[in-house]
Amino acid sequence: MWLWFSRLGSPKWFYELAGRWLPWTWALTVLLFVAGSALALLFSPPDYQQGETVRIMYLHVPAAFLSMACYLTMAIASVIALVWRMKMAFAVARSCAPIGAAMTALALFTGAVWGKPIWGTWWEWDARLTSELVLLFLYLGYIALHESISEQSQADRAAAVLAIVGVVNLPIIHFSVDWWNTLHQGASISRLQKPAIDASMLWPLFTMLAAFFAFFAASLMSRVRNEILKREAASRWVKALVKA
Amino acid sequence: MSFTSFADFLAMGGYAPYVWTCYGATLLTLAVIVAGLRRQKKKLMETIRLQHPERQAVAPGRIVVKQTAEDS
Amino acid sequence: MKAHRRNRLITILAGTAGVAAAVALVLYALGAKVDHFYTPSEIVAGAAPLERTIRVGGLVVAGSLDREPGSLALRFDVTDNRDRITVEFEGILPDLFREGQGIIAEGQLLPGGKVRASKVLAKHDENYMPPEVAKSLEKYGHPANAGKKDKKDAQ
């Protein structure tokens, strides 16, 4: 376990391991997206209230879920990085930010397009929507802070503190629908009881969730590899790699 | 199968603009992320190559070391 | 774990807990009133201010929708299963608007106890199912969910 942990701290080791896993992860991503889209668009029924717009759920829910999971990954990596001064963890945290920002933007956009016909509004300053917007600003703030400090280790540390503090927003997003009278409905699948989604709609949703997570894994690994190239540009193995 | 005809499928029960906009936006977001990753990698490789142009000639013995990580 | 690492971890955790506590206090202070949300019973009881923008939530009373011919003006009643109030609105209703549906109306409370809404939004619940399933649930009842919807919307 300890060996594994210290190995994970080695950029070269991670670069090579991720390089071997990447083709498979991308292949799995494509496969899951093809299957998920077929299930979501063709082989699932319309909703009893929302009709065909329910098909937007199969994109909106995974994007929103991932936007939060990605932030949690970023915050945990930041804690590890700060406590153990682990270079690799800083690289992982920095790599999470653009992917998470894109997912948050996608969740907000699909939510707006879904909200227009169903709720009657593109946007409402509702607790769930507003806290998700705050999440987007946290990601953008992290990236801006990191880019504005030119010294690498200082940028890493300052941005890590922001990432950790921002984690406070995650429970707010999750519980906003219970704490306030929101326009957004309550949670459907994270309840402890039976999910409030019929099985015929649950399967497409789970497949899409898996597809989004496979995409997250693949894009994060690629992004971390790039980050390693950037940070280890002066090392012998990177130079040799580039020449090859 | 939820739709009886291709036209039905495209119409999405009258919600075509909303449903297809979302699927299009998702595809676009994923494509932008992937394109960004590829471009970043290409640029990094070029920058590193330009930074150390002389290395190859100075230490040819180093290059013989087997390189396991391949590009993807 | 080495002492300096443990100290760093404790500092991080304590700092985050401090920020969380501060945010929690702010949210608590803003409280439920930040959205100016009232139920029909609260309005009937006189808890809502007049001529200020408020939000009313409840279920649309069956058979209460009354459209004025030749215009977009309409009125309907909302209820929290205890009291009901009338909402006046002029405009296009969301697709999900129907009898028994949970809605949120934003507007001003008039002296007569009616609400003149500038916006009517439909709220849907967290249940998703195909129409056939919904139909059979309606027919045979759904013991697990009995009373749940009403409780939720009447909060």
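Residues of the stretch A:41-76 falling in the label zone of residue A:203, defined by backbone nitrogen less than 16 Å from a point 7 Å along Cα to beta-carbon, are A:41-46. Put in line by how crowded their Cβ is, counting other Cβ atoms within 10 Å and starting with the fewest, C:39, C:86 read C:86, C:39.
Between A:39, A:209, A:150, the Cα set farthest toward the positive side of the dipole of chain A (charges on each charged residue's Cβ, about the Cα centre) is that of A:150.
Once both labels are positioned 7 Å from their Cα atoms along Cα-to-Cβ, the gap between residue C:6 and residue C:51 label points is 6.6 nm. In this Cβ point-charge picture (+1 for Lys and Arg, -1 for Asp and Glu), the stretch C:34-153 has a dipole of about 140 debye about its Cα centre. How many Cβ atoms of partner chains, on average, are near each residue of A:106-114 if near means within 10 Å of its Cβ? Taking all residues of A:106-114 together, the mean is 4. What you get for the protein assembly as shown, charging only the Cβ of Lys and Arg (+1) and of Asp and Glu (-1), is a dipole of about 2820 debye around the Cα centre.
Other protein chain C-beta atoms within 10 Å of residue C-beta, averaged over A:173-183: 4. For the peptides C:105-112, A:163-170, C:11-18, the ranking by packing is A:163-170, C:105-112, C:11-18, with the highest mean count of neighbouring Cβ atoms within 10 Å listed first.
Inter-chain neighbour count for A:235-244: the average number of beta-carbon atoms from partner chains within 10 Å of each residue's beta-carbon is 6. Each residue in C:10, C:104, A:173 was given a count of other beta-carbon atoms within 10 angstrom of its own, and listing them fewest first yields C:10, A:173, C:104. When A:174, A:60 are arranged by Cβ crowding within 10 Å, least crowded first, meaning fewest neighbours, the order is A:174, A:60. Calculate, for residue C:26 and residue A:150, the FRET efficiency according to 1/(1 + (r/R0)^6) with r their C-beta to C-beta distance and R0 30 Å; round to the nearest 0.05. That pair, residue C:26 with residue A:150, gives E of 0.30. Evaluated with a Cβ-only charge set (Lys, Arg +1; Asp, Glu -1), the stretch A:96-192 carries a dipole of roughly 240 debye about its Cα centre, given to the nearest 20. Across the stretch A:95-164, the relative contact order, built from alpha-carbon pairs under 8 Å that are at least six residues apart, equals 30 percent. Between the beta carbons of residue A:233 and residue C:19, assuming R0 = 35 Å, the FRET efficiency works out to 0.50 to the nearest 0.05. Ordering of A:197-209, A:99-111 by packing is A:99-111, A:197-209, highest average first (other Cβ atoms within 10 Å, averaged per residue). Each Cα pair under 8 Å and six or more residues apart adds its sequence gap; the mean of these over the residue count of chain C is a relative contact order of 19 percent.
Coordinate-derived values only; no laboratory data. The shown structure was predicted, so the numbers you read here are calculated from the model rather than taken from an experiment. Backbone-built Cβ (ideal geometry, glycine too); neighbour counts: all protein chains shown.
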